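The values are calculated or read from the model by the stated rules, or taken from the named source; none is laboratory data. Values in this document were obtained by computation on a predicted structure and should not be read as measured data. Virtual Cβ from ideal backbone geometry, glycine too; neighbours counted across all protein chains shown.
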Ligand SMILES: N[C@@H](CCC(=O)N[C@@H](CS)C(=O)NCC(=O)O)C(=O)O
């Protein structure tokens, strides 16, 4: 059985007998060594045909300017690129962040804790401009060796404790204050399941769908198809859960909602990647109901303003060092 594809594909293209199953026995199309660019589909099974536009070399090398958005900050190595200490404020918690969905999770959490009366959750929020490479400064890398926001330094004990990864930060804060995380049993398991669902799922939404739909230098049908399908599948997972349950972990609002809302709430409102129409987000009525309910929480409204450097000037609080900053230090007030 010949499973090789011709370099030039006749129109309409029918792939060789045995199809992808036969092909997989030879290690492709899943193998990275198979050429990528998509031109046509098989008339029978709609599988993609490929051409020889790109053949991976034997050894990958870094093309600094690959044309993609964020190419200026992406690199294949870790560690600091320059010396720069981080500022430290007066509060027990020091947050170094930016109001992307991953950053907003933590500022909403801190504002919720303060609203619940936990004075120990007072925090200084310092702005990390990731497009300028602030995450590669030596001070930031010492708090998060992964060089990504958000990063937290908990200075409430005898020794500062660093916490990175937004899910770990939410869990650290929930356990520290005994709040927004069920104490045990099935409710705690459900909460942690949705929290970790978010941590595992969002990279397919952001790094997969968002990257290829909005940021890649060219539109690749295969990649956009694959990740649009996954984004819609994830929305359906949430929609089905929220059809049966007010919040993700049950009747109570928890860190699971705080983790999921900034990503999937924004997506279902058409605020991520300008993809609302493309993904038919109106189909997910239960996610919309849940999104709108959380958006009305005062802590959620405050949290999304912190470390925000875009949008209406009145919605941007670049740094937060005091509760009164929301009234006095937004960009419209400082102008
Ligand atoms: N899994 C991490 C993801 C954090 C992340 O991807 N942060 C992005 C902004 S949303 C970032 O700092 N990117 C800068 C970079 O990649 O250099 C978390 O949840 O904390």
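Miscellaneous remarks
- Of the residues examined, residue 146 is one that is surrounded by fewer than 21 Cβ atoms within 10 Å (Cβ to Cβ) and within 8 Å of the ligand (Cβ to nearest atom).
- Pairs where the first residue, in segment 56-74, is not assigned by TED's automatic domain parsing to the domain that holds residue 213 and the second is within 15 Å of the ligand (Cβ to nearest atom) and not in a loop (DSSP other than H, G, I, E, B), C-beta under 7 Å, 6+ apart: 68/215; 69/215; 70/215; 73/130; 73/131
- Residue that is free of Cβ contacts under 8 Å to residues at least 60 places away in the same chain, within 20 Å of the chain's Cα centre (by Cα) and assigned to a helix (DSSP H, G or I), where the choices are 263, 290: 290
- When restricted to residues that are out of contact with any helix residue (DSSP H, G or I) (no Cβ under 9 Å at 6 or more places or on another chain) and either part of a helix (DSSP H, G or I) or within 21 Å of residue 95 (Cα to Cα) (or both), segment 169-187 contains 6.
- Residue that is surrounded by the fewest Cβ atoms within 10 Å (Cβ to Cβ), among those in segment 126-142 that are away from the ligand (no atom under 12 Å from the Cβ) and closer than 26 Å to residue 299 by Cβ: 127
- Output for segment 311-335, where each listed residue is touching a residue at least 40 places away in the same chain (Cβ under 8 Å) and either surrounded by fewer than 14 Cβ atoms within 10 Å (Cβ to Cβ) or over 25 Å from the mean Cα position of the chain (by Cα) (or both): 321, 323
- Of the residues making up segment 55-101, just one is surrounded by 10 or more Cβ atoms within 10 Å (Cβ to Cβ), away from the ligand (no atom under 16 Å from the Cβ) and closer than 22 Å to residue 208 by Cβ, namely 56.
- Against the test of being away from the ligand (no atom under 12 Å from the Cβ), modelled with pLDDT of 95 or more and under 23 Å from residue 101 (Cα atoms), the options 179, 187 yield a single qualifying residue, 179.
- Residues in segment 108-125 that are more than 18 Å from residue 181 (Cβ to Cβ) and buried (at least 23 other Cβ atoms within 10 Å of the Cβ): 123, 125.
Residue-by-condition table, conditions (1) touching a helix residue (DSSP H, G or I) at 6+ places or on another chain (Cβ under 8 Å); (2) over 30 Å from residue 185 (Cβ atoms); (3) surrounded by 19 or more Cβ atoms within 10 Å (Cβ to Cβ):
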site	(1), (2), (3)
225	no, yes, no
235	yes, no, yes
248	yes, no, yes
255	yes, no, yes
264	yes, no, yes
274	yes, yes, no
281	yes, yes, yes
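- Yes/no for residue 190 being free of Cβ contacts under 8 Å to residues at least 12 places away in the same chain, farther than 21 Å from residue 297 by Cα, part of a helix (DSSP H, G or I) and out of contact with any helix residue (DSSP H, G or I) (no Cβ under 6 Å at 6 or more places or on another chain): no
- Apart from one condition, residue 196 fits all of (1) within 12 Å of the ligand (Cβ to nearest atom); (2) closer than 20 Å to residue 99 by Cα; (3) free of Cβ contacts under 8 Å to residues at least 60 places away in the same chain; the exception is (2).
- Checked across segment 269-280, the condition of being part of a helix (DSSP H, G or I) and under 22 Å from residue 104 (Cα atoms) holds for no residue.
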